[in-house]
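The next block holds one structure in the form of structure tokens; read it before the comments.
The values are calculated or read from the model by the stated rules, or taken from the named source; none is laboratory data. What you see is a predicted model, and the numbers here were worked out from it, not measured in a lab. Every residue, glycine as well, gets a Cβ built from its backbone with ideal geometry; the counts of neighbours run over all protein chains shown.
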Amino acid sequence: MLDVLRGCRDLRDGCGKTLSLIADGNPAEVRGVNVVGLERRGVPPETIRVLKESYRILYRSKLNTKQAVEEMKKSFWDVAEARELVEFIEKSERGIIR
């Protein structure tokens, strides 16, 4: 489920194969979840809801990355796509675009 981050010139990792994001600017700034792309790939509405909430926790809350990952683990660990996102963030060597 990897979407290309448009205008991305940042060398850090995006958010893996799971979360389809829209990014813009130099340096890249994440703007939101690409819901249309997820829908076109047949992602169920409930999974899209969980990914949007994961985005909010990761990018719009006042939590740092480690705290956001812990919150996503508590809230959405049973959803495979959210689990994949958490695992991607934890394995990232360069950090993620925030």
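The residue that is surrounded by the fewest Cβ atoms within 10 Å (Cβ to Cβ), among those in the range 48-89 that are acidic (D, E) and at pLDDT 90 or above, is D78. Look at the range 35-54: where a residue is more than 10 Å from S20 (Cα to Cα) and a partner is among the small types (G, A, S) and in a helix (DSSP H, G or I), sitting 6+ places away or on another chain with Cβ atoms under 6 Å, you get V50/A82; S54/A82.
For the range 1-47, which positions are assigned to a loop (DSSP other than H, G, I, E, B), modelled with pLDDT of 70 or more and either over 11 Å from the mean Cα position of the chain (by Cα) or not polar (S, T, N, Q) (or both)?
G25, N26, P27, A28, R41, G42, V43, P44
Within the range 58-78, the set of residues being more than 18 Å from L21 (Cα to Cα) and assigned to a loop (DSSP other than H, G, I, E, B) comprises K62, L63, N64, W77, D78.
Among the residues of the range 26-47, those identified as within 16 Å of R98 (Cα to Cα) and surrounded by fewer than 17 Cβ atoms within 10 Å (Cβ to Cβ) are N26, P27, E29, R31, G32.
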